[in-house]
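Engineer: Structure incoming, see below.
Please treat every number below as a calculation from the coordinates, not as lab data. Treat the numbers as computed from the prediction; the structure is a model and nothing was measured. When we count neighbours, we look across all protein chains shown, and the Cβ atoms used for this are built from the backbone with ideal geometry, even at glycine.
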Amino acid sequence: MTSTSHDPRAWKRPDGQEASATRPASARLVDPEDDLPPSPYAGDFETTAIPRYDTSSSGHQNSGYRLLSDPEPLPYVQPAGRPPTYSAEPTEIEPDEGLARADGGRRGTQDLGLMLLRVGLGALLIAHGLQKAFGLWGGQGLAGFQQSLAGMGYQHANVVTYVAAGGQIAAGVLLVLGLFTPLAAAGAVAYLVNSLLAAVAAQPVRGSFAFFLPDGHEYLVVLLVLAAGLTLTGPGKYGFDAGRGWARRPFVGSAAALVLGIGAGVGVWVLLNGANPLT
């Protein structure tokens, strides 16, 4: 808003002198509200042009600060003495020896106990196998073993004799060495399953299972449980299998070996004998 004053005294010069009685027709008193921007005013950007940073004040292009074009890449400092490598090939990670030592310390005497059980079972299998194969320690030899197998109802007893005696010795040696322990223990399980079924089938009173000695099958049951346990636990670190997975952390493969051993023992009995031991 503007207003016009008709009082000549209201007009003064900047130097403090009074204006003449005659003032210009365009002279007006300015209202302070005239300094406020109008409502459709869009701000300083309405009339102010944004300077371009890719050109300097002289009009030449400034390659050092091209902010509106491609930015300048940051400098990368390569460490001295280390050439850059861009290989994405897989590399083998060595096991942490500190963790291995800590794990061995936490196991305590566990590996020693596993070695004792493994060597004990292997030695028993070797001794019984040598009795059957060579007649040592009062054994019956291959001929007597073949006759006993035929008397228990096994078919192809001449072949089964060599397979049973040789397999028993081989499983015992592998257990003593701690080599291929799950497979060796599974072979022992298969052999002991057949021995237990044959002993139950040969008892005088059919349909019963005598457990305690001297007329029971306690000895074979204990050996069978021991072989099954070694199949699941592995040999421990005191053996040739110490660096393999079934020695450090047996799981699925050892369980599969136990199932395979039990199935092989039952399968051999069914296919080569076929008698029901409980009837």
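Engineer: When the chain is fully extended, how far beyond the present Cα-Cα distance does Phe251 get from Ala123, taking 0.36 nm per residue of separation?
Structural biologist: Working it through step by step, the gained length comes to 43.5 nm.
Engineer: Can you sort Lys237, Lys132 from fewest to most other Cβ atoms within 10 Å of each residue's own Cβ?
Structural biologist: Lys237, Lys132
Engineer: Further question: Can you tell me, using C-alpha contacts under 8 Å and at least 6 residues apart, the relative contact order of region 114-272 as a whole percent?
Structural biologist: About 27 percent, as a whole number.
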